[in-house]
Amino acid sequence: MSIEQIKLSQTGKEQLVRLKRRTGLKNWNVLCRWAFCRSLEEKTIPSPVPIPADSSVEMDWKTFAGEHGALYLALLRQRCAADGVNLEEDPSELNKQFRLHLHRGIAYLVGDKSLQSIEDLASCACPRS
C-alpha cells in the first residue's frame, strides 16, 4: 500500500502560488514537503474534510518525496498509527491522510505571515535559541 499520484485542490494550488512568490522557492514538490512536515508537527488530527482534486497541479510520489520516499511514507504511517487510523481496514486511508496533512500544512504555511523567504522557512525547522 503506497501513494502513487498527488493532485492538489485549486485552493492548495493558489496557496502554493502565494508561497512560491513569498519565499522564492520555485518547485511545488519542495514546498509540499515543507507543508507535509509542518502538518505532521501538529499534535491534533487533521479535520477529515473532503479535499477536491480540482487543480492542474499533479505530481507522482517520487517527485514529491525524491530520494526520501521511504522516510516520508514511514512518517505518515507512524502518524496514522499514533492517530488511531487503521490502514489495514481501508487501503485508501493512507492516501486520504496524506492529502489531509498536505493541505493542512499548506494552509499553515501560507497563514504564517513571517514566512517571507527561504531562510524564514528554514528557521522553522531549526529555530534559533
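The values are calculated or read from the model by the stated rules, or taken from the named source; none is laboratory data. This structure is a prediction, so every number in the text was calculated from the model and none was measured. Note: ideal-geometry Cβ built from the backbone for every residue, glycine included; neighbour counts use all protein chains shown. Ligands, DNA and RNA are stripped out before the accessible areas are found, and what is left, the full protein with its side chains, is counted by its heavy atoms. Shrake-Rupley method; radii C 1.70, N 1.55, O 1.52, S 1.80 Å.
Things worth noting here:
- Top-ranked residue of segment 80-123 - restricted to ones that are of a type in the set (S, T, N, Q) and farther than 25 Å from Gln10 by Cα, ranked as surrounded by the most Cβ atoms within 10 Å (Cβ to Cβ): Ser123
- Annotation note: Cβ proximity below 8 Å between a residue of segment 56-69 that is over 15 Å from Leu31 (Cβ atoms) and open to solvent by 20 Å² or more (accessible area, probe 1.4 Å) and a residue that is assigned to a loop (DSSP other than H, G, I, E, B) and of a type in the set (S, T, N, Q) (sequence gap 6+ or interchain) occurs for Trp61/Ser2.
- Cβ pairs under 8 Å, 6+ apart, first in segment 83-96 and touching a residue at least 60 places away in the same chain (Cβ under 8 Å), second acidic (Asp, Glu): Leu87/Glu93
- Where helices (runs of 4 or more DSSP H) sit wholly within segment 28-129, those with at least 3 residues that are more than 12 Å from Ile6 (Cα to Cα) occupy 28-41, 69-82, 93-111, 118-125.
- The residues of segment 8-27 that are open to solvent by less than 70 Å² (accessible area, probe 1.4 Å) and not aliphatic (A, V, I, L, M), listed by number, are Ser9, Gln10, Gly12, Lys13, Gln15, Lys20, Arg22, Thr23, Gly24.
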